[in-house]
Amino acid sequence: MLPIVLLSIYGILNLFLGFLRSNRLLLTLMLVVLALIFGVNLLDWNHAGSLSGMLASPYVADMLTVDNYSVAFSGIVLLTALVLLPFSRSYVRLGEPNLAEYYSLLLFSLVGAIMMIGYNHLLMLFVGIEVLSISMYVLAGSDKRNVRSNEAALKYFLQGSFATGILLFGLALLYGATGTFRLAEMAQAIASPTNASLQPMLYIGVLLMLIGIGFKVSAAPFHFWTPDVYEGAPTFFTAFMSTVVKTAGFAAFLKLLVVALPAASPVWLPTIVAMCVLTLLLGNVSATFQTSAKRMLAYSSVSHAGYLLLGLVAGRGQLSGPAAQGIFFYSLAYSVATVAAFGVLKLVADQRQREDYAGLAGLARTNPLLAFAFTVAMLSLAGIPLTGGFFGKFFLFTAVASQGYIGLVVFAVVMSMVGIYYYLRPVIAMYFSPAEPGTAPIEVDSFQSVTLVVLVLLTLALGILPGLVSGLL
């Protein structure tokens, strides 16, 4: 639990550092601190523990646990935040007066994400979701002079509040049916034949929990906020939202279903299958009609929620089974590629003031590195071989097929083929469409160039040597 403590302490300290009015110092310290916390998180590998070793109170003991599952997914969110930070250099150069507050909100949102990953008590899950969500509500509307940003924050807040209420109602019904908030005790209570009379309350509670968490991970039909919020929010925070929030959400989702609700699978399994089909269909088909690269990536994020839902369909074993390994690998490959894509898009939008495909036209001639990094990211998101996205889908498809859902796998493969169409559209624009006359090259500093190179190498490494991380869980 040391990463949570360190993130919270530095999040508060960072607010006071803002009085120094040195954005360069803020960025440097954020990179150093996140790198240290990432290392501290890895020190917990193979060292299982809980809050009971740190706090004497019986009310909070075992609410959060440390195991390889929580360390692995916490590592993804911390790494994602670390490689995303260099793309906030525009805020440093422009002297953004609120940068300290933005960074602190990012740190607090990471606290919520890690709480969602390591929870062992439903109240801790709820607290983690709220800490993460409230930070995102504020950051989505951080560009106060932009009408789209204000609209995004309002939509996200209002719809998120309703989803939170539904989630909390479902949590209360689960407690009423089982008499506990602890995951293992809840699983025992559900499996007990003495609770047969409470099954209607239990089943309704399960469905409400699926709705609440489905909203957080942009699963259809609870995804309608996603394209508008992703498009309106500043691109830097959109990238954070589409990676960290989704990774933490699915880590929490899988733990809830596998640890607490395995005996309730007759209720949640058909629901997850239906959500998976709907999410894949709406996400991929809607993305094909977009002319804005940013909005296309928003619907792409919805479609990837559908692929991750495949892991939940196959998640009937332990948190170290094929489903968990598939979700872990897919989350890592997806996060790396998405950060690269949004990073390039942010650089283009900041200097060309365009987020559509035409804004990417001719990028291969003016900025070959940006075009290559964006291309690798698109190929990975499409699931093309030799990229991490290919093996991410392969592991999930294999896990689902082993459970007998061959038709679902075939449908997912067809949707992947649809995805190739819209992922290649920006690539074609960069390499085969001429830039507008007088278009200047995008200015990219060495730090951002190195970050893009690292992201590309990570994506290719995951596609060529998947065994480096595929067997960690």
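Some values worked out for this structure:
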{"item": "Verdict on Met430 being buried (at least 16 other Cβ atoms within 10 Å of the Cβ) and part of a helix (DSSP H, G or I)", "result": "yes"}
{"item": "Residue match in the stretch 402-419 (condition: at pLDDT 90 or above, in a helix (DSSP H, G or I), under 19 Å from Val348 (Cβ atoms) and of a type outside the set (A, V, I, L, M))", "result": "no"}
{"item": "Number of the exception - Glu436 against (1) buried (at least 16 other Cβ atoms within 10 Å of the Cβ); (2) among the charged types (D, E, K, R); (3) modelled with pLDDT under 90", "result": "(1)"}
{"item": "Pairs where the first residue, in the stretch 82-96, is under 19 Å from Val33 (Cα atoms) and the second is among the basic types (Lys, Arg) and surrounded by fewer than 18 Cβ atoms within 10 Å (Cβ to Cβ), C-beta under 6 Å, 6+ apart", "result": "Val92/Arg24"}
{"item": "Odd one out for Leu132 among (1) at pLDDT 90 or above; (2) on the phi > 0 side of the Ramachandran plot; (3) not aromatic (Phe, Trp, Tyr)", "result": "(2)"}
{"item": "The listed residue being within 21 Å of the chain's Cα centre (by Cα), surrounded by fewer than 20 Cβ atoms within 10 Å (Cβ to Cβ), under 20 Å from Leu458 (Cβ atoms) and at pLDDT 90 or above, out of Phe38, Phe87, Phe73, Phe126", "result": "Phe38"}
{"item": "Residues of the stretch 351-371 classified as surrounded by fewer than 24 Cβ atoms within 10 Å (Cβ to Cβ) and within 25 Å of Val302 (Cβ to Cβ), total", "result": "6"}
{"item": "Residues that are among the hydrophobic types (A, V, I, L, M, F, W, C) and within 24 Å of the chain's Cα centre (by Cα), drawn from the stretch 143-178", "result": "Ala152, Ala153, Leu154, Phe157, Leu158, Phe162, Ala163, Ile166, Leu167, Leu168, Leu171"}
{"item": "Which listed residue is among the aliphatic types (A, V, I, L, M) and touching a strand residue (DSSP E or B) at 6+ places or on another chain (Cβ under 8 Å), from Leu183, Leu174, Leu168, Leu202", "result": "Leu183"}
{"item": "Residue count, the stretch 176-213 (criterion: in a helix (DSSP H, G or I) and either under 19 Å from Phe253 (Cβ atoms) or polar (S, T, N, Q) (or both))", "result": "23"}
{"item": "Check on Phe253, aromatic (Phe, Trp, Tyr), without any contact (Cβ under 8 Å) to a residue 24 or more places away in the chain and under 30 Å from Leu82 (Cα atoms)", "result": "no"}
{"item": "Of residues in the stretch 256-299 being polar (S, T, N, Q) and without any contact (Cβ under 8 Å) to a residue 60 or more places away in the chain, the one surrounded by the fewest Cβ atoms within 10 Å (Cβ to Cβ)", "result": "Ser265"}
{"item": "Residues that are assigned to a helix (DSSP H, G or I) and buried (at least 22 other Cβ atoms within 10 Å of the Cβ), drawn from the stretch 314-326", "result": "Ala314, Ala323, Ala324, Gly326"}
{"item": "Selected residue (criterion: modelled with the highest pLDDT) from residues of the stretch 90-112 that are outside any helix (DSSP H, G or I) and either surrounded by 22 or more Cβ atoms within 10 Å (Cβ to Cβ) or not polar (S, T, N, Q) (or both)", "result": "Pro97"}
{"item": "Where Phe289 falls short, out of the listed (1) more than 19 Å from the chain's Cα centre (by Cα); (2) at pLDDT below 90; (3) not in a helix (DSSP H, G or I)", "result": "(2)"}
{"item": "Filtered residues of the stretch 41-69 (kept if of a type outside the set (Phe, Trp, Tyr), assigned to a helix (DSSP H, G or I) and either at pLDDT below 90 or in contact with a Leu (Cβ under 8 Å, 6 or more places away or on another chain) (or both))", "result": "Asn41, Leu51, Ser52, Gly53, Asn68"}
{"item": "Whichever residue in the stretch 372-390 is over 18 Å from Ser301 (Cα atoms) and part of a helix (DSSP H, G or I) and, among such residues, is farthest from the chain's Cα centre (by Cα)", "result": "Phe372"}
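Okay, residues lined up against (1) outside any helix (DSSP H, G or I); (2) closer than 21 Å to Leu396 by Cβ; (3) over 19 Å from the mean Cα position of the chain (by Cα):
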{"position": "Leu332", "(1), (2), (3)": "no, yes, no"}
{"position": "Val336", "(1), (2), (3)": "no, yes, no"}
{"position": "Val339", "(1), (2), (3)": "no, yes, no"}
{"position": "Val344", "(1), (2), (3)": "no, no, no"}
{"position": "Asp350", "(1), (2), (3)": "no, no, yes"}
{"position": "Leu369", "(1), (2), (3)": "no, no, yes"}
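The values are calculated or read from the model by the stated rules, or taken from the named source; none is laboratory data. Given the structure is predicted, the values throughout are model-derived calculations rather than measurements. Note that each Cβ is placed from the backbone with ideal geometry, even for glycine, and that neighbours are counted across all protein chains shown.
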